[in-house]
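Encoded as structure tokens, the structure appears first; notes follow it.
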């Protein structure tokens with residue numbers, strides 16, 4: 001119930017006590033105080049009935065997204081940061097109170113028209129769902145948390161494929177040899193691509209992981225190194241893993257660390273490595289079609305199994321959490337199974 005009292009200054013002080021909630025505010029006019037008290041009492045009734053606060057009428061999706069980024073998502077990965085920026089651009093002006101299925105239908109229409117595929121749009125809606133869930137459960141706002149998930153589920157009815165194709169491309173010996181010849185014959189090359197590719201094949205690491213390795217994280221006695229903030233679908237920040245450097249990898253590392261105690265093991269930018277790899281594939285004769293640096297990881301993972309390593313050992317090297325995640329990076333053939341038995 002609201003109580004009003006006029007202060008010596010002439011202003012009006014209003015206090016609201018309802019359903020365990022207490023709020024107080026001061027206004028110039030009693031009418032302003034009364035309007036505020038009515039809104040607060042309605043909010044208290046709403047919370048008492050459902051446990052969540054009503055969404056402010058003036059609040060937009062941009063307000064929620066900005067608050068999410070400020071309090072939860074920093075530092076976000078490049079992909080997630082780009083998706084959040086896109087959501088602000090495409091849906092930021094929408095009032096939270098009026099966000100509905102039609103709004104998201106129109107959003108999907110625009111994304112399709114812009115050329116986004118089913119996998120991309122599904123990711124957009126998943127990010128929006130995460131923000132809505134956070135707003136409801138962390139900020140106690142009465143938000144339709146399943147709205148984005150329902151829109152994502154409806155993509156299949158549009159004929160959109162929301163599952164990415166599993167890629168099984170591996171570089172062949174011939175392709176690798178042609179690339180090595182090209183890079184080794186080039187003088188003045190800043191990025192030692194042959195060395196980096198051989199290291200990727202010996203470790204199964206991603207290019208960003210390779211370019212982020214620190215000498216201070218290297219254990220020469222144990223022949224191991226720590227990969228910081230390793231990619232993880234749930235928690236990348238602080239996901240540090242100590243991985244073994246197998247003989248081929250250690251043979252590459254050992255001469256690089258002589259006389260060095262700090263800095264990066266490979267002081268090169270990951271995007272520069274990727275660009276150099278793409279240029280190399282185009283420069284060889286004949287050009288190598290549809291090959292990426294990440295495909296070295298496929299070949300490396302399969303080679304670990306061919307060595308006779310088990311799933312737990314390979315998972316530690318590659319950073320995969322489950323067999324389902326690891327399986328798509330393997331390319332074991334029937335002949336490999338026979339060879340293992342022999």
Item to complete: Please specify each residue of segment 189-211 satisfying the condition of being buried (at least 21 other Cβ atoms within 10 Å of the Cβ) and assigned to a loop (DSSP other than H, G, I, E, B).
Response: 204, 205
Item to complete: Working only within segment 172-203, note down all residues that are out of contact with any strand residue (DSSP E or B) (no Cβ under 9 Å at 6 or more places or on another chain) and over 15 Å from residue 284 (Cβ atoms).
Response: 187, 188, 190, 191, 192, 195, 196, 198, 199, 200, 201, 202
Worksheet item: Can you name every residue in segment 155-180 that is within 17 Å of residue 291 (Cα to Cα) and in a helix (DSSP H, G or I)?
Response: 173, 174, 175, 176, 177, 178, 179, 180
Fill in: Evaluation of residue 326 against (1) surrounded by 14 or more Cβ atoms within 10 Å (Cβ to Cβ); (2) part of a loop (DSSP other than H, G, I, E, B); (3) at pLDDT below 85 (one fails), failing number
(2)
Worksheet item: Just wondering, is there one or more residues in segment 144-156 that are under 30 Å from residue 278 (Cα atoms), surrounded by 18 or more Cβ atoms within 10 Å (Cβ to Cβ) and modelled with pLDDT of 90 or more?
Response: no
Item to complete: Search segment 157-171 for residues being exposed (fewer than 12 other Cβ atoms within 10 Å of the Cβ) and more than 23 Å from the chain's Cα centre (by Cα), and hand back the single one that is nearest to residue 113 (Cα to Cα).
Response: 159
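The values are calculated or read from the model by the stated rules, or taken from the named source; none is laboratory data. Just so it is clear, the model here is predicted, and its values are computed rather than measured. Positions of Cβ are backbone-derived with ideal geometry, glycine not excepted, and every protein chain shown enters the neighbour counts.
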